[in-house]
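K.L.:
One structure coming up, written as structure tokens, with questions to follow.
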Amino acid sequence: MSWLLRRNMLPLHSNSLARRPLASPPPLLPAPLPSPRETHLWYVVPDQLKDASLLNQYMDLLSPCERQSVLRMNGERLQKGALLARALVRTTLARYCRVSPKSFKFRKNRFGKPEVEWNKYDLWAPPPLQFNISHTSTMIACGVALDLPIGVDIEEKQRKTRNNILSLARRYFSPVEVAYLRTLADLESQRHEFIRLWTLKEAYVKALGRGFSGAPFKDFTIRLEASNSKQVTGESKSDASRIVVEAVDHPGILMNRWHFALFELNNSHYAAVCMERDVKDPADRENNSLKLEVWRTLPFVEDECVTETAAVKNIIR
Amino acid sequence: MASISATAISIPTRPRHSLQAVNGIFGLKSVSISSLKRSFPSIRLQPTPMHFRVCCAAKPETVQKVCGIVKKQLALPEDTTITGESKFSALGADSLDTVEIVMGLEEAFDIGVEEESAQSISTVQDAADLIEKLVAAKSG
């Protein structure tokens, strides 16, 4: 891991070439890299942003192309959301890499999944971070993992659907998932479970790098499976079960390459994370669960680690 | 307005335009694509995919009806401008919104939309054109 040795050589703001009409923003709180099997999740609540000059600071971080994309959004609320999302990705990655948030270049894979374009950096070897973002109108979240694909999806707990839940499920979910939803007697439980399952399925197709259009939801089932994994004291796990995924065409053959976490975030959202296992790591082969660290942030203003707080609860892995 | 247009398109060796918050969150007015295209006819703001309209574009009433369904699904403020050119991604539609919009359109127009066709829709006009094609196929 040569980047470890070179870390001390990195300047905090390596962007001396650009003219900066705005005052330099305060430095970002650096973060230690995610350990194996660990996801770091950073989220921002747009309503907490009251200071218009902060928006200008965020805009200043973006590439010209990103700025154009932000301006193409229809209306101020959507523009603000798009801006915050880009600022969140850049500032989050900057914490791990100890460079200016402006330095990153991005590209999309063939299905449209954004990823960092690392080969621009020939002076040092950056940590091989992978990330994924998700937004709703009231929260934007960015998940980060070291060297393994990750997918994140968040959804408002109160999200209502215009169509009937079972109609949506019959059309887009697998037969096993539809059968599960049908066992729920009341409509509210059905709606909550639909949303939770949707976030898990989204997180999975995003981790795959294919997205909703590249990996049809109907082709795979996500469900709970009784597991033999050891309970870790202190975790609020009510039963020893884990979230698994299997192909509809090959039921019973679990796709063990992927592990999941589903939880409630900020009392307002369901959040799902899907991460690939490191098959070379003996500890990962034992199906140990995904570890999670969560921060609430308003970049350049405040950061709060909320992992062990009421902001992150009812974790199922 | 002209200086904002120039900054948005120029190569970033010029000093960045200093952004002032005036009224509301952004002092930047949403620069309309068509006004920028008139000023810089040779420059494309974004690489739009080439797609051919096989038949005539959909009737305005169809486009209007689609706009109404989309506005309702996405709970957009009343003063939001949606036209045929509006892209679903620019309206903040996520994948669940997209499937709900497709189902809403199916119900409103009494048609069935295949998943592959649904994936190819990126603007309101695309949706309206597809709807008219499906309606014509049904009655033809």
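K.L.:
Name the residue, out of B:GLU61, B:GLU85, B:GLU78, that is surrounded by 11 or more Cβ atoms within 10 Å (Cβ to Cβ), more than 9 Å from chain A (Cβ to nearest Cβ) and over 24 Å from A:GLU155 (Cβ atoms). Reasoning before the result, please.
P.N.:
Values: B:GLU61 fails: surrounded by 11 or more Cβ atoms within 10 Å (Cβ to Cβ); B:GLU78 fails: surrounded by 11 or more Cβ atoms within 10 Å (Cβ to Cβ).
Within the list B:GLU61, B:GLU85, B:GLU78, the selection yields B:GLU85.
K.L.:
Take A:LEU181 and decide whether it is surrounded by fewer than 16 Cβ atoms within 10 Å (Cβ to Cβ) and of a type outside the set (Ser, Thr, Tyr).
P.N.:
Numbers: surrounded by fewer than 16 Cβ atoms within 10 Å (Cβ to Cβ): no; of a type outside the set (Ser, Thr, Tyr): yes.
No: the conditions fail for A:LEU181.
K.L.:
Any idea which residue in region A:282-300 is nearest to A:LEU265 (Cα to Cα), counting only those that are aliphatic (A, V, I, L, M) and at pLDDT 95 or above? Spell out the reasoning first.
P.N.:
Looking only at region A:282-300, we keep the residues that are aliphatic (A, V, I, L, M), and these are A:283, A:290, A:292, A:294, A:298.
Now narrow it down to the ones that are at pLDDT 95 or above: A:292, A:294, A:298.
On the way: A:LEU292: 12, A:VAL294: 9, A:LEU298: 16 Å.
Across region A:282-300, the extreme among qualifying residues is A:VAL294.
K.L.:
Within region A:158-182, can you find the residues that are away from chain B (no Cβ under 14 Å) and not β-branched (Val, Ile, Thr)? Walk me through how you get there before you give the answer.
P.N.:
Applying the first criterion (away from chain B (no Cβ under 14 Å)) to region A:158-182 yields A:174-182.
Passing the criteria: A:SER174, A:PRO175, A:GLU177, A:ALA179, A:TYR180, A:LEU181, A:ARG182.
K.L.:
Kindly evaluate A:VAL70 against the criterion of being under 22 Å from A:PRO26 (Cα atoms) and more than 7 Å from chain B (Cβ to nearest Cβ).
P.N.:
Numbers: under 22 Å from A:PRO26 (Cα atoms): no; more than 7 Å from chain B (Cβ to nearest Cβ): yes.
When the stated conditions are applied, A:VAL70 does not pass them.
K.L.:
Do any strands (runs of 3 or more DSSP E) entirely within region A:85-168 hold 2 or more residues that are surrounded by fewer than 17 Cβ atoms within 10 Å (Cβ to Cβ), and if so, which? Spell out how you get there, then give the answer.
P.N.:
Numbers: elements: A:106-108, A:114-116, A:129-136, A:139-146, A:150-156.
Strands (runs of 3 or more DSSP E) meeting the threshold: A:106-108, A:114-116.
K.L.:
What pairs come out if I take residues in region B:46-67 that are assigned to a loop (DSSP other than H, G, I, E, B) and pair them with residues that are surrounded by 10 or more Cβ atoms within 10 Å (Cβ to Cβ) and at pLDDT below 55 whose C-beta lies under 9 Å away, six or more apart or interchain?
P.N.:
So the pair list comes out as B:GLN46/B:ILE33.
K.L.:
Working only within region A:275-317, note down all residues that are of a type in the set (A, V, I, L, M) and touching a residue at least 60 places away in the same chain (Cβ under 8 Å).
P.N.:
First pass over region A:275-317, keeping only residues of a type in the set (A, V, I, L, M): A:275, A:279, A:283, A:290, A:292, A:294, A:298, A:301, A:306, A:310-312, A:315-316.
Those that are of a type in the set (A, V, I, L, M) and touching a residue at least 60 places away in the same chain (Cβ under 8 Å): A:MET275, A:ALA283, A:LEU290, A:LEU292, A:VAL294, A:LEU298, A:VAL301, A:ILE315, A:ILE316.
K.L.:
Those residues that are more than 9 Å from chain A (Cβ to nearest Cβ) and assigned to a loop (DSSP other than H, G, I, E, B), I need them from region B:88-105; list them, please.
P.N.:
B:PHE88, B:ALA93
K.L.:
Report, by residue number, each residue of region A:121-145 that is farther than 18 Å from A:ARG107 by Cβ and within 13 Å of the chain's Cα centre (by Cα).
P.N.:
If the condition is that a residue be farther than 18 Å from A:ARG107 by Cβ and within 13 Å of the chain's Cα centre (by Cα), then A:SER134, A:HIS135, A:THR136, A:MET139, A:ILE140, A:ALA141, A:GLY143, A:ALA145 are the ones that fit.
K.L.:
Spot the failing condition for A:SER137; the list is (1) touching a Pro at 6+ places or on another chain (Cβ under 9 Å); (2) more than 30 Å from A:LYS218 (Cα to Cα), and only one is missed.
P.N.:
Result: A:SER137 fails condition (2) only.
K.L.:
Further question: Suppose we filter B:GLN73, B:GLN119 for residues that are in contact with a helix residue (DSSP H, G or I) (Cβ under 9 Å, 6 or more places away or on another chain), at the interface with chain A (Cβ under 8 Å from one of its Cβ atoms) and buried (at least 20 other Cβ atoms within 10 Å of the Cβ); which single one remains?
P.N.:
Values: B:GLN119 fails: buried (at least 20 other Cβ atoms within 10 Å of the Cβ).
From the options B:GLN73, B:GLN119, the qualifying one is B:GLN73.
K.L.:
Based on what the data block shows, is A:GLU235 at pLDDT below 85, of a type in the set (D, E, K, R) and either surrounded by 11 or more Cβ atoms within 10 Å (Cβ to Cβ) or in a loop (DSSP other than H, G, I, E, B) (or both)? Full working, then the answer.
P.N.:
Numbers: at pLDDT below 85: yes; of a type in the set (D, E, K, R): yes; either surrounded by 11 or more Cβ atoms within 10 Å (Cβ to Cβ) or in a loop (DSSP other than H, G, I, E, B) (or both): yes.
Against the criterion (at pLDDT below 85, of a type in the set (D, E, K, R) and either surrounded by 11 or more Cβ atoms within 10 Å (Cβ to Cβ) or in a loop (DSSP other than H, G, I, E, B) (or both)), A:GLU235 qualifies.
The values are calculated or read from the model by the stated rules, or taken from the named source; none is laboratory data. Since this is a predicted model, take the numbers as computed values, not measurements. Glycine also receives a Cβ, built like all others from the backbone with ideal geometry; neighbour counts cover every protein chain displayed.
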